Amino acid sequence: MPRQGSSAAGITWDLTDLFASHDDPRIEATLDECRRRADAFAVRYRGTIHWAGSPSAEALLNGVKELEAIQEALGRVGTYAGLLYASDTGRIEYQNLQQRVEEQGTDLANRLLFFELEWLGLEDGAAQSLLREPALAPYRHYLETLRRFRLHKLSEAEERLLNEKDNTGRRAFGRLFAELTSSLAFPLETDGQVRDLTLSETLALLYQPDRALRRRASEVLFDVLARHGLALTVTYDTLVQDHLVMDRLRRYPHPMAERHLSNEIDHEAVERMLEVAEANYGIAQDYFALKARLLGLPRLALYDQYAPVGGPLPACTFDRAREVILAAFGAFSPVFREVAEQFFARQWIDAEIRKGKHGGAFCSSPSPALHPYILCNYTDNLRDVMTVAHELGHGLHGWMARKQTTFNYDTPLTTAETASVFGEFLVFDHLLREEQDPAVRLALLCGKIEDAFATVFRQTVLTRFEQEAFTRRKGGRFTADGLAQAWLTANRRYYADAVELPEGYRWGWSYIPHFIHTRFYCYAYVFGELLVLALYRMYREEGATFIARYLALLEAGGSDAPEALLARLGVDFRDPAFWQKGFDEIRRLVTQAKALAGEPRVLRAG
Ligand SMILES: [Zn+2]
């Protein structure tokens, strides 16, 4: 039953473009057809890709196309099962369908895997001459991307052994970390009662207006982490050591190399970006001084960083959200408005809050032959308007890239959030322009600035810490003091004397899951957010000529490497001046906040 009182009650998606219901016989028929085609595919292509004569361009092309068609059909069933499950996670029929489709998907993937492995097995010379064939041009990027990790693969027997041993090795330490951090209890007194909070409940208190509560939350956070310091230190130590060993065995030249390969970016470009971020830390320090004044404090403590400032944000109904988003998108481009309208009109959005429904928000873009679907939990909060705009940004990207084929559809991590964050920015800008109440405008601005800091600056700090940790580990095992020193050094460069770091902050590194599960993940956040800020700056500077190029970028989907696609937009992300545009945009927001707070418009140079 929809919850009464939310304006999004009754806003649900219509999944009948995919299948009629969970027991639609076409689901089973599609899976049968996929199995039949996969078997025929294996008979036809096994042993024909990796052999001394190497395949003809035509044979390879036909193979890739057939593989793509099977995966597309399978994707349709997989998406349907996933969306149905998200719409009501408690319903047993949906759970069963989801599980069955997952199992069949794995089985089919295993039957088809040989094709990719044979392509990887082909010697470089033969592969390169095939890649030069004009017939293969539409799949050149896809085929090249598959071969990226070729030099770093071990023998099949070694890979299998590692895979099994990792269950009691690095994956076991990952589980230990996950289970330890989710079992931690943070005892905190509120309203005269001591309650045990979880890690995320404790972190959420740092956004509360009551300063004493924020301080207590910060103290208990680091107290509890310190008590588990030994387990957290040994876990991280083991995982970094494991990475260093595997980097040697897999012939990676440095600890970031593996991540750069999957992100389709090189070390130089990432370093230039991080250096520009560091050179702009002064913008944040300047803002922290403003925020201290707004909070009536001589200096900000770390736990004041996310304290609310300005007036409370007004409520916003789903209908109003729709109007705001369409107006903001329409002001950018009529195409944007037209596409976004379809999402509302054709029921591609599930916004109401229901028991059993998946939490949070996401956009699913199954394939170019279909259209995207959006799930969110709309609570009539102005922040939710930005969430819908974010997911609609993804949706626009998925819709506009539908001219691509399935293998050229998705983008890598670094550019996957471009359209979503850009969409959010369009709506933020619109809301700020329309809002008359200066206190609400200040709250909107500060929220945006702090989000940008958390994504750009803080993730730069995290990346610098991680780099230092890997360097230190080469010299021997971690100690708690050594890690604390590396952590505080990276943080002090950012916060400088603008923010007081509490004593317990030496454990600030210890609960961050990315360090454990996906090393060097964090710089992709910096890249994604800064890219959009810089693009937004270009839009502001260039107007109409930018818009057409931006639409073309979305249409290109994942048909080429990010660097090549962005080059068509006139972006060179190796050029520090490009990244600086992003910081100019952040500085503009800080200047606006200062003006609103009655501050002089003078900013310290970065
Ligand atoms: Zn997103």
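The values are calculated or read from the model by the stated rules, or taken from the named source; none is laboratory data. Computed from a predicted structure; not experimentally measured. Neighbour counts are summed over all protein chains in view; Cβ atoms, including those assigned to glycine, are modelled from backbone coordinates with ideal geometry. We work out accessible area using only protein heavy atoms, side chains counted, and drop any ligands, DNA or RNA first. Shrake-Rupley method; radii C 1.70, N 1.55, O 1.52, S 1.80 Å.
If I model segment 58-135 as equal point scatterers sitting on the Cα atoms and use the Debye formula, what is log10 I(q)/I(0) at q = 0.16, 0.20 Å⁻¹?
Summing over Cα pairs of segment 58-135 leads to -0.70, -0.88.
Find how much the distance from Phe362 to Val194 grows on full extension, using 0.36 nm per residue of separation minus their present alpha carbon separation; answer in nm with one decimal. Write down the numbers at each step before the final one.
Values: separation 168, 0.36 × 168 = 60.48 nm, distance 3.55 nm.
Gain on stretching Phe362 to Val194: 56.9 nm.
Scan around Asn381 for amide H atoms under 5 Å from its own, H built in the peptide plane at 1.01 Å from N, and keep only partners 5 or more places away or cross-chain.
For Asn381, the qualifying residues are Cys316.
What is the distance in Å between the Cα centroid of segment 493-556 and that of segment 448-475?
Computed from Cα coordinates, the inter-centre distance equals 11 Å.
Give, as a single signed number, the net charge of other residues whose beta carbon lies under 13 Å from the beta carbon of Ala226, with Lys and Arg counted +1 and Asp and Glu -1. Could you put the intermediate results ahead of the total?
Details: positive: Arg227, Arg506; negative: Glu219, Asp223, Asp481, Glu503.
Residues close to Ala226 contribute a combined charge of -2.
Between Ile349 and residues 5 or more places away or on another chain, which pairs have amide H atoms under 5 Å apart, with H built 1.01 Å from N, and which residues are they?
Here the answer is Asp14, Ile374, since their amide H atoms fall under 5 Å of that of Ile349.
With every protein chain left in place, what is the accessible area of His397 in Å² (1.4 Å probe, nearest 10)?
20 Å²
Go through segment 379-389 residue by residue and turn each phi into a ³J(HN,Hα) via Karplus (6.51, -1.76, 1.60, θ = phi - 60°); whole Hz please, and just put x for glycine and proline.
These are the phi-based 3J(HN,Hα) values: 10, 6, 9, 4, 5, 5, 4, 5, 5, 4, 4 Hz.
Along Cα→Cβ, 7 Å out, is where each label goes; now give me the distance between the ones at Arg492 and Glu93 in nm to one decimal.
Going by the 7 Å Cα→Cβ label model, 6.3 nm.
When the accessible area of the chain is split by element with a 1.4 Å probe, what percent falls to carbon and sulfur? Walk me through the numbers before you get to the answer.
Working: 13790 of 26510 Å².
Heavy-atom surface of the chain belonging to carbon and sulfur, 1.4 Å probe: 52 percent.
Using the Cα gyration tensor of segment 47-88, with a ≥ b ≥ c the square roots of its eigenvalues, what is the shape: rounded (a/c below 1.5), prolate (a/b larger than b/c) or oblate (neither)? Mind dumping the intermediate values first?
Working: a/c = 7.51, a/b = 3.91, b/c = 1.92.
Prolate is the answer for segment 47-88, as a/c is 1.5 or above and a/b outweighs b/c.
Sort segment 318-407 into rounded, prolate or oblate with this rule: let a ≥ b ≥ c be the square roots of the eigenvalues of the Cα gyration tensor; rounded if a/c is under 1.5, and if a/c is not under 1.5, prolate when a/b is larger than b/c, oblate otherwise.
Numbers: a/c = 2.23, a/b = 1.21, b/c = 1.85.
Judged from the Cα gyration tensor, segment 318-407 comes out oblate (a/c at least 1.5, b/c at or above a/b).
Rounded to the nearest 500, what is the 222 nm mean residue ellipticity of the chain from helices alone, with -39500 (n - 2.57) per DSSP H run of 4+ residues and division by all residues? Kindly include the intermediate steps, with their values, before the conclusion.
Numbers: 25 runs with 383 residues, N = 606.
Using -39500 (n - 2.57) per qualifying helix, the result is -21000 deg cm²/dmol.
From largest accessible area down, sort Ser218, Ser56; use a 1.4 Å probe on the protein chains.
Numbers: Ser218 10, Ser56 65 Å².
Result, largest first: Ser56, Ser218.
How big is the chain by the Kirkwood estimate over distinct Cα pairs, in Å?
Working: mean 1/r = 0.0376 Å⁻¹.
Kirkwood radius, the chain: 26.6 Å.
Would you tally the net charge around Phe362, using a Cβ to Cβ cut-off of less than 11 Å, leaving Phe362 out, and scoring K and R as +1, D and E as -1?
Numbers: positive: none; negative: Asp350, Glu391.
Computed value for this residue: -2.
Please turn the phi angles of segment 335-341 into ³J(HN,Hα) values with the Karplus equation 6.51 cos²θ - 1.76 cosθ + 1.60 (θ = phi - 60°), one per residue in order, whole Hz, x for glycine and proline.
Using θ = phi - 60°, the values come out as 4, 4, 5, 4, 5, 5, 4 Hz.
With a point put 7 Å past each Cα toward its Cβ, work out how far Leu261 is from Asp481 in nm, to one decimal.
3.9 nm
What does a probe at Asp24 reach in segment 100-117, counting residues whose amide N is under 20 Å from the point 7 Å along Cα→Cβ?
Hits in segment 100-117 for Asp24 at 20 Å: 100-105.
Would you list, by chain and number, the lysines whose Cα falls below 24 Å from the Cα of Lys448, excluding same-chain residues fewer than 8 positions away?
Lys291, Lys581, Lys594
Explain nothing, just the number: relative contact order of the chain, from Cα pairs under 8 Å at least 6 residues apart, as a whole percent. List each step's numbers first, then the result.
On the way: 776 pairs, mean separation 115.8, N = 606.
Result for the chain is 19 percent.
When a/c is below 1.5 the answer is rounded, else prolate if a/b is larger than b/c, else oblate, so apply that to segment 271-362 with a ≥ b ≥ c taken from the square roots of the Cα gyration tensor eigenvalues. Don't skip to the end; give the middle numbers.
Numbers: a/c = 2.32, a/b = 1.75, b/c = 1.33.
Verdict is prolate for segment 271-362.
Given a 1.4 Å probe and heavy atoms of the protein chains only, how would you sort Leu501, Leu225, largest accessible area at the top? Provide the component values of the computation, followed by the final result.
Details: Leu501 35, Leu225 0 Å².
The ordering from most to least exposed comes out as Leu501, Leu225.
Just to confirm, what accessible area per residue do you get for segment 318-407 at 1.4 Å probe, in whole Å²?
For segment 318-407, the solvent-accessible area averages 36 Å² per residue.
Can you tell me the length gained on complete extension of the stretch Asp210 to Asp223, counting 0.36 nm per residue apart and subtracting the Cα distance?
Numbers: separation 13, 0.36 × 13 = 4.68 nm, distance 2.02 nm.
Gain on extension, Asp210 to Asp223, equals 2.7 nm.
Considering only C-alpha atoms, what is the centroid distance from segment 71-89 to segment 264-323, in Å?
So the two Cα centres are separated by 37 Å.
Once you have the Cα-Cα distance between Val43 and Asn167, take 0.36 nm times their residue separation minus that, and quote the gain in nm to one decimal.
Working: separation 124, 0.36 × 124 = 44.64 nm, distance 3.37 nm.
Fully extending the segment from Val43 to Asn167 adds 41.3 nm.
Tell me, what HN-Hα J-couplings in whole Hz come from the Karplus equation 6.51 cos²θ - 1.76 cosθ + 1.60 at θ = phi - 60° for each residue of segment 532-540, using x for Gly and Pro?
Working through the residues one at a time gives 5, 4, 5, 5, 5, 4, 4, 4, 5 Hz.
Taking the simple approach of a point 7 Å from Cα along Cα-to-Cβ for both Ala137 and Glu541, what is their distance in nm?
So the label points at Ala137 and Glu541 sit 3.2 nm apart.
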